[in-house]
Amino acid sequence: MIYGQYKNLEDSSWRCLLDYKIDRLPVDLAQIARLARIKLHENKDAIMLIGNEIGRSFYIEEQWHVVYDDACIRPRQRVTIAHEFGHIFLGHMMDYDRRIRNPGAQYTKQEKAADMFAEHLLAPACVLWALNARTADEIAALCNICPVAAKGRAQDMEALYQQGMLLSHPLEKQVRDKFAKFIEEKKSV
């Protein structure tokens with residue numbers, strides 16, 4: 001991924017946490033949806049998912065909608081919802097007819113970006129660092145995310161530790177400050 005896009009992705013996840021007043025883990029996705037005016041739908045109610053799809057975002061009648069596979073375990077659902085938020089907040093290309101993402105050259109790149117947005121949103125590095133959560137199991141339990149996402153985030157964290165890149169951005173410092181009370185509560189337990 002091109003560095004500039006990664007920074008935009010990272011900045012977007014920090015801005016989402018700040019703008020939607022998230023100050024503890026696990027991240028309250030319903031709060032983000034409510035404040036951002038995104039309607040969440042379980043697939044059993046909407047029956048919008050096709051084949052092996054586990055999530056979809058679309059824009060109809062001036063409102064964003066996210067449909068997720070409610071048959072998945074809750075940690076997987078959370079990652080799927082955050083992934084769909086990534087498509088929305090990162091402004092991924094939409095089809096003019098139904099404003100649903102179009103498969104094509106950008107598709108794989110957008111899917112990877114949405115995955116990374118979800119991991120950054122649900123497991124902010126500055127909070128994990130402050131709580132010394134380094135393993136996939138610790139991250140999964142703290143953030144209520146599936147093992148695959150937690151493993152990816154644990155690998156990201158290890159790279160950040162090695163590069164000394166934590167708390168190097170003003171937005172990241174704001175996120176850490178926003179989570180300060182939660183961090184202190186967790187440390188005192």
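The values are calculated or read from the model by the stated rules, or taken from the named source; none is laboratory data. Note that the structure is a prediction, hence the values are computed from the model and not measured. Methodologically, a virtual Cβ is constructed for each residue, glycine included, from the backbone with ideal geometry; neighbour enumeration extends over all protein chains shown.
Answer with yes or no whether Val66 is part of a strand (DSSP E or B) and surrounded by 14 or more Cβ atoms within 10 Å (Cβ to Cβ). Answer is yes for this residue. Within the range 30-63, the set of residues being assigned to a loop (DSSP other than H, G, I, E, B) and either modelled with pLDDT of 90 or more or among the β-branched types (Val, Ile, Thr) (or both) comprises Arg37, Ile47, Ile50, Ile54. Asn144 fulfils the conditions (1) touching an Asp or Glu at 6+ places or on another chain (Cβ under 9 Å); (2) buried (at least 17 other Cβ atoms within 10 Å of the Cβ); (3) modelled with pLDDT of 95 or more except for a single criterion, (1). Taken together, the residues in the range 36-52 that are within 15 Å of Ile88 (Cβ to Cβ) and surrounded by 13 or more Cβ atoms within 10 Å (Cβ to Cβ) amount to 5. Checking Asp156, Asp137 one by one, the residue that is acidic (Asp, Glu), surrounded by fewer than 21 Cβ atoms within 10 Å (Cβ to Cβ) and in contact (Cβ under 8 Å) with a residue 24 or more places away in the chain is Asp156 and no other.
Residues in the range 159-178 that are within 18 Å of Leu25 (Cα to Cα), more than 18 Å from the chain's Cα centre (by Cα) and touching a residue at least 60 places away in the same chain (Cβ under 8 Å): 0 in all. Looking for something without any contact (Cβ under 8 Å) to a residue 12 or more places away in the chain and of a type in the set (A, V, I, L, M) - is there at least one such residue anywhere in the range 42-62? The answer is yes, given that some residue of the range 42-62 is without any contact (Cβ under 8 Å) to a residue 12 or more places away in the chain and of a type in the set (A, V, I, L, M).
Return the residue satisfying two criteria in turn: it lies in the range 168-185 and is out of contact with any helix residue (DSSP H, G or I) (no Cβ under 8 Å at 6 or more places or on another chain) and modelled with pLDDT under 95, and of such residues it is farthest from Asp11 (Cα to Cα). By that ranking, first place goes to Ser168. Within the set Met116, Met165, the sole residue that is assigned to a helix (DSSP H, G or I) and either out of contact with any strand residue (DSSP E or B) (no Cβ under 6 Å at 6 or more places or on another chain) or farther than 17 Å from His83 by Cα (or both) turns out to be Met116.
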